[in-house]
1. Considering the chain as a Gaussian network with a 10 Å cut-off on Cα pairs, which listed residue, Thr11, Thr37, Thr83, attains the greatest mean-square fluctuation?
2. Kindly provide the helix-only [θ] at 222 nm of the chain, computed as the sum of -39,500 (n - 2.57) over DSSP H runs of four or more divided by all residues, to the nearest 500 deg cm²/dmol?
3. So how tilted is helix 86-102 from the main axis of the chain? Cα-based, degrees 0 to 90, rounded to 10.
4. For Met86 and Thr110 in the same chain, what is the full-extension length gain: residue separation times 0.36 nm, less their Cα-Cα distance, in nm?
5. Test of understanding: given the chain, find the longest segment containing no chymotrypsin sites (Phe, Trp or Tyr not before Pro) that are in a DSSP loop and have at most 11 other Cβ atoms within 10 Å.
6. How would Met1, Met51, Met123 line up from fewest to most surrounding beta-carbon atoms within 10 angstrom?
7. Quick one: compute the contact order of region 3-131, relative version, from alpha carbon pairs under 8 angstrom and 6+ residues apart, as a percent.
8. If neighbour count is taken as other Cβ atoms inside 10 Å, put Arg78, Arg15 in order from fewest to most.
Amino acid sequence: MAETTAVNPWTWQDRLGFSQAIEIRGGHRVVHCAGQTSVDGNGNPIYPRDMPRQINQALDNLEVVLKEAGLTLADVVRLNYYTTDMTALANAAPTYAPRLAAAGCQPAATAVGVTSLFHPDLMIEIEAIAVL
């Protein structure tokens, strides 16, 4: 089982639910997850233009993928957020950061502004790397 240690020279990132770096020792499995969005089980976009609900749906979908691989959010060491609205992402932090914290997940993370995702109603895509 991997031993992970957060590397945080500051504390401001804690309220946003991420770490500046994650040190990994003894990892045996690395799972790279494709970007997850706010879609239903058939791939249809849901919660158009609602960032908080889209983030939580994308995290729900990520948890399904992780579970299928025998992992949980606690095993995630990296999240990449691709968003069409950086302000909405920042404003939604209070809806997703506590969820990540409760799951024991404070990964290294990057947020990138993009012009569009695969469907015009989608505002967020979340990509993950998990280690066990």
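1. Thr11
2. Values: 2 runs with 35 residues, N = 132.
Calculated from helices alone, the mean residue ellipticity at 222 nm is -9000 deg cm²/dmol.
3. 50
4. Working: separation 24, 0.36 × 24 = 8.64 nm, distance 1.16 nm.
Net length gain for the segment: 7.5 nm.
5. Working: sites that count: Trp10, Phe118.
The reported range is 11-117.
6. Working: Met1 10, Met51 22, Met123 26.
With the sparsest Cβ surroundings first, the list reads Met1, Met51, Met123.
7. Details: 252 pairs, mean separation 47.7, N = 129.
Contact order relative to length: 37 percent.
8. Details: Arg78 19, Arg15 12.
Ascending number of Cβ neighbours within 10 Å: Arg15, Arg78.
The numbers here are math on the coordinates, done by the rules we state, and not lab data. Small disclaimer: the values here were computed from a predicted structure and weren't measured. As a convention, Cβ positions derive from the backbone with ideal geometry for all residues, glycine included, and neighbour counts pool all protein chains shown.
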